[in-house]
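Asker: Below is a structure I'd like to ask you about.
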Amino acid sequence: MSHTHDSNTNMPIENLDEVLKNHKLSQEEYQEILRILEGRHPNIVEIGIFSAMWSEHCSYKSSSKYLRGFPTEAPWVIQGPGENAGVIDIGDGMAAVFKMESHNHPSFIEPFQGAATGVGGILRDIFTMGARPVANMNALRFGNVEGDSDTAKYQRHLVRGVVEGIGSYGNCMGVPTIGGEVSFDESYNGNILVNAFSLGLVQKDEIFLGVASGVGNPVMYVGSKTGRDGLGGAVMSSDSFTEASKSLRPTVQVGDPFTEKLLLEACLELFKADLIVGIQDMGAAGLTSSAFEMAGKTGAGLRLYLDKVPAREEGMTPYDFMLSESQERMLICAKQGSEEAIIEIFEKWGLDVAVIGEVTDTARMELMWHGEQCADMPIAPVSEEAPVLDRPVARPKYLDRVAMKNIDSFDAIADQEAYERLLGDMEVVDKAWIYEQYDSMVQTNTVKHPGSLDASSIRVKENGKALAVSTDCNPRYCYIDPLKGAALAVVESGRNVAMSGARPLAITDCLNFGNPENPEVMWQFAQSCEGIKEASLALHTPVVSGNVSLYNETNGVSVFPTPAIAMVGLNEDAQKVLPSLFQEEGSSILLVGETKGEFGGSLYMKALYNETVGNVPECDYKKELALWNLVIEANKEGLLKSAKDVNVGGIAIALSKMAACSGLGVSAYVNLKKSRDIFDESQSRALLEVENKDMVKVVAMAKEFELEIAVIGAVGGNDVKINDLALPLEKVKEIYFHTFSKSIEEA
């Protein structure tokens, strides 16, 4: 078998050390490459391929050890991790396809394009599976946005750019953005997090996978032309930031949502005809990862003719074609003889389409360039045998300091002052300034939209059911106790879904952490994975897809561990989606669950004392499931008018949000050990709004589920009165609805 190298001899590349450094490959990895290539030295194209495929971003080499134990199966799971997205059965021959992914580094460098292409990439993951995307969400973390400091001004610039990018791409694609979450902490000052979620619907028997098989079957390229944008993006996303990182703009891809919309429609038309074996989107590492992954899953070989790839720029090289991350592109393994029919479909939609290779039986990737071979490597070791690192772990030293401090070690603050400060905190106030830039109603299926609290819901037209989705993570909890914090992210996302009357079914995750070369960060990661595992098992919500994003640090400072979770649940009747804000003057309010005075990692501690300390609240999974079941069953029987979980800021903030969003006042009294417990963050609690005639039934049901329940007040009036706290409803609304926009719109 002939091999052509840069110098046509088996000599190492000149300046090898520098080339390896630029490609983030270690000497140990280079020795492994020599072994895989049976002793010969790789050329620059092959080095680029190994670099991309073995980057943290593509290979999960630091994290795969810990992801293996995730529960991934249930009777309703059709496709778990390992494909473009996870798939669950939602009945009547229908399936929901969903995933969440990060676009953190690109969004920090170039907020508009970074966030926009994050949305574009996750949408391709969904429609590559044969599904039409019907709902988007996002989980965003920014640094400190308040005040006159240069950092705050820059963070406000990032918020504006990211939100514009998400809105621009999603709106152009005609996919509603139905909800999400935004939080702020100094730990994100040097490295924001932009996590995009998308969900699509598909007939169960029309799901497509990213595979290539069948010797002689053509490999086809469709979508936009390939340029040099995004070159080295996967490698860039696998490194930490320094001051020099701002020069990395060329590694950020540029998106074109109008082309993607055409690509979506063309692919969905293609799926209706029996023309293809498999399809894969070109995401991180572009043509390299899509080709290697499709062949790697089946053991097939591929021969690609890179000079046939549609090019956007002059003078592009094989290296450019393999590693470009130009957007809106797909790789298809077609059935022999179907080429003309496929070309016709994509040309009709005004897209580039070309046959660029074929499937072989060699189990090797052979790359050709104008008749010459420019790379020849075995596929399996590159795609399936990336180095699995067993990085050192060490419990962080900061945990001792964090655990020593609890709420009693701080000076008391008057409850009314605490209330007004919490109500106006960035974490609490309404984010209409953000979500009003997103079209949430396109496709006309959004039942519970952004700003309506807890989970968002969409109707499934085809079967009259509804899907509920919530994204959650409390990074303060995860900083103090990564295991419990990650578990509580699963719990909280599930509780939000249950509050809409839907049964939580499965999660996708986006695990955002700092530098894995730091043993303390790896400890945080390992613990968080244990927490997700524990909660997913206990709550019967398997992990069906996900993403790992490491190296989220700048100048040696890592972000708080942020394992973002998106939970998807099913409501059997779209007519019975339960609201989370007050519905009617005169209704009674019930509090379910126990208030224990837990303040570790709470908003109270952060907002009032600027501390992230204490012990994370305990969670009893049995009680949590009982709470979900109570709300789901009572809703089915039509006994509830609304339900809202008690979370950040405690009972006081939950009631205030319900009042502000509904425009209805509230008067409540909760029997507590200490008056400040009105702000505590004990788990497994909810506020239920019921008509007086149904109260006895709901209380009886709660007792059957062995849950504490108490009548605490009524909806109505022109004030928000909770124990000794009081504010006119108009004042609550003013603080809740206007604080965020005022601060973000400052220069």
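Asker: If I take R0 = 45 Å and measure r between the Cβ atoms of E18 and D390 in this structure, what FRET efficiency does the formula 1/(1 + (r/R0)^6) give, to the nearest 0.05?
Answerer: 0.95
Asker: Let me have the relative contact order for the stretch 557-687, percent, based on Cα pairs under 8 Å that are six or more residues apart.
Answerer: 39
Asker: Relative contact order of the chain: what whole-number percent is it, with Cα pairs under 8 angstrom and at least 6 residues apart?
Answerer: Once divided by the residue count of the chain, the mean separation gives 15 percent.
Asker: Might you report the magnitude of the Cβ-based charge dipole of the stretch 475-521 about its Cα centre, with Lys and Arg at +1 and Asp and Glu at -1, to the nearest 20 debye?
Answerer: For this selection, approximately 320 debye.
Asker: Could you tell me which of N723, G165, G69 has its Cα farthest along the dipole of the chain towards the positive end, charges placed at Cβ (Lys, Arg +1; Asp, Glu -1), taken about the Cα centre?
Answerer: Projecting each Cα onto the dipole axis, the largest value belongs to N723.
Asker: I would also like to ask the following. Which value in deg cm²/dmol, rounded to the nearest 500, describes the helix-derived mean residue ellipticity at 222 nm for the chain, given -39,500 (n - 2.57) per DSSP H run of n ≥ 4 and division by the residue count?
Answerer: -10500 deg cm²/dmol
Asker: Bin width 10 Å, origin at 0, all Cα-Cα pairs of the stretch 373-449: what percent of pairs per bin?
Answerer: Final binned percentages: 11, 15, 15, 16, 28, 10, 4, 1.
Asker: Hey, another quick one. If the viscosity is 1.306 mPa s and the temperature 10 °C, what translational diffusion coefficient in µm²/s does Stokes-Einstein give for the stretch 460-531 when Rh comes from Kirkwood over Cα pairs?
Answerer: Answer from the Stokes-Einstein relation: 117 µm²/s.
Asker: What distance in nm separates the two pseudo spin-label positions at Q27 and K742, each 7 Å out from Cα along the beta-carbon direction?
Answerer: 6.0
Asker: Over the residues of the stretch 266-337, compute the C-alpha Rg and express it relative to 2.2 N^0.38 Å.
Answerer: This ratio for the stretch 266-337 stands at 1.16.
Asker: For the pairs K484/K657; K153/K533; K448/K623; K576/K697, note any where the Cα-Cα span goes beyond 28 Å.
Answerer: Pairs exceeding the cut-off: K153/K533.
Asker: Mind giving me the nanometre distance, one decimal, between the label points for Q583 and Q373, set 7 Å out from Cα along Cα→Cβ?
Answerer: That separation, rounded to one decimal, is 7.0 nm.
Asker: Using only Cα atoms and rounding to the nearest 10 degrees, what angle (0 to 90) does helix 621-636 make with the longest principal axis of the chain?
Answerer: 80
Asker: Here is a follow-up. Give me the log10 of I(q) over I(0) for the chain at q = 0.05 Å⁻¹, as the Debye formula computes it from C-alpha points; what are the numbers?
Answerer: For the requested q values the scattering log ratios are -0.25.
Asker: Cα-based Rg (one decimal) and Dmax (whole number) for the stretch 3-153, in Å?
Answerer: Expressed in Å, the Cα Rg and Dmax of the stretch 3-153 come to 21.2, 61.
Asker: Now, a different point. If you take the beta carbon distance between S149 and K674 as r and set R0 to 35 Å, what does 1/(1 + (r/R0)^6) give as a FRET efficiency, to the nearest 0.05?
Answerer: 0.50
Asker: Let me ask something else. Taking a ≥ b ≥ c as the square roots of the Cα gyration tensor eigenvalues, with a/c under 1.5 meaning rounded and otherwise prolate when a/b beats b/c, else oblate, which class fits the stretch 578-720?
Answerer: Because a/c hits 1.5 or more and a/b fails to exceed b/c, the stretch 578-720 counts as oblate.
Asker: So, one more: If contacts are Cα pairs under 8 angstrom and at least 6 residues apart, what is the relative contact order of the stretch 501-592 in percent?
Answerer: Over the stretch 501-592, the number comes to 47 percent.
Asker: Another question, then. Take the alpha-carbon positions of the stretch 144-188, form their convex hull, and give its projected area averaged over all directions (one quarter of the hull surface) in nm².
Answerer: One quarter of the hull surface, i.e. the mean projection, equals 3.5 nm².
Asker: Dividing the alpha-carbon Rg of the stretch 22-73 by 2.2 N^0.38 Å yields what?
Answerer: Ratio of Rg to 2.2 N^0.38 Å for the stretch 22-73: 1.38.
Asker: Given the Cα-Cα distance of K308 and A363 and 0.36 nm per residue of separation, how much length would full extension add, in nm?
Answerer: The span from K308 to A363 would gain 17.6 nm if fully extended.
Asker: Let me see the P(r) profile for the stretch 323-476: every Cα-Cα distance counted, bins of 5 Å, each bin given as a percent of all pairs.
Answerer: With 5 Å bins starting at 0, P(r) equals 1, 5, 7, 8, 8, 8, 10, 10, 12, 10, 7, 4, 3, 3, 1, 0.
Asker: Working out 0.36 nm times the residue gap between I343 and E706, then minus their Cα-Cα distance, what length gain in nm do you get to one decimal?
Answerer: 124.4 nm
Asker: Mind grabbing the base-10 log of I(q)/I(0) for the stretch 70-159 at q = 0.12, 0.13 Å⁻¹? Debye formula, identical points on the C-alpha positions, no solvent, two decimal places.
Answerer: So the normalised log intensities work out to -0.52, -0.58.
Asker: With charges set only on the Cβ (+1 for Lys and Arg, -1 for Asp and Glu), what does the dipole of the chain come to about its Cα centre, in debye to the nearest 20?
Answerer: 1120
Asker: Treat each spin label as a single point 7 Å out from the Cα along the C-beta direction, and report the M441 to E572 distance in nm.
Answerer: Here the modelled spin labels are 3.1 nm apart.
Asker: Among rounded, prolate and oblate, which fits the stretch 548-606 when a ≥ b ≥ c are the square roots of the eigenvalues of its C-alpha gyration tensor, a/c under 1.5 means rounded, and a/b larger than b/c means prolate?
Answerer: Because a/c hits 1.5 or more and a/b fails to exceed b/c, the stretch 548-606 counts as oblate.
Asker: If you don't mind, there's one more thing I want to ask. Might you tell me the accessible area per residue for the chain, computed with a 1.4 Å probe and given in Å²?
Answerer: Counting only protein heavy atoms, the per-residue value for the chain is 35 Å².
Asker: Kindly provide the Kirkwood hydrodynamic radius of the stretch 280-388 in Å, to one decimal, from all pairs of distinct alpha carbon atoms.
Answerer: 14.6
Asker: Could you tell me how many degrees, from 0 to 90 and to the nearest 10, lie between the Cα long axis of helix 339-348 and the main elongation axis, the longest principal axis, of the Cα atoms of the chain?
Answerer: 50
Asker: Further, regarding this structure: Need the full-extension length gain, R68 to S213, defined as separation in residues times 0.36 nm minus the C-alpha distance. One decimal, nm.
Answerer: So the extension gain works out to 49.5 nm.
Asker: Sticking with this structure for a sec: Please list 286-297, 704-715 highest first by mean number of surrounding beta-carbon atoms within 10 Å per residue.
Answerer: Put in order of decreasing packing, that is 286-297, 704-715.
Asker: Quick one: with all protein chains in place, what share of the accessible area of the stretch 57-102 is carbon or sulfur, to the nearest percent (1.4 Å probe)?
Answerer: Carbon plus sulfur share of accessible area: 47 percent.
Asker: Here is a follow-up. Evaluate Rg over Rh across the stretch 501-600, taking Cα atoms for both radii and Kirkwood's formula for Rh.
Answerer: 1.11
Asker: Arranged from highest to lowest average of other beta-carbon atoms within 10 Å per residue, in what order do the peptides 670-679, 484-493, 73-82, 391-400 appear?
Answerer: 484-493, 670-679, 73-82, 391-400
Asker: I'd like the accessible area for Y479, computed on protein heavy atoms only with a 1.4 Å probe and all protein chains in place. Round to 10 Å², please.
Answerer: Looks like 40 Å² after rounding.
Asker: I want to verify the translational diffusion coefficient of the stretch 653-746 in µm²/s; compute it with Stokes-Einstein, Rh as the Kirkwood radius over Cα pairs, at 37 °C and 0.692 mPa s.
Answerer: This corresponds to a translational diffusion coefficient of 219 µm²/s.
The values are calculated or read from the model by the stated rules, or taken from the named source; none is laboratory data. If you're wondering where the values come from, they're calculated on a predicted model, not measured in any experiment. A quick note on method: Cβ atoms are made from the backbone with ideal geometry, for glycine too, and the neighbour counts reach across all protein chains shown. These area figures cover heavy atoms from the full protein model, side chains too; ligands, DNA and RNA do not enter into them. Shrake-Rupley method; radii C 1.70, N 1.55, O 1.52, S 1.80 Å.
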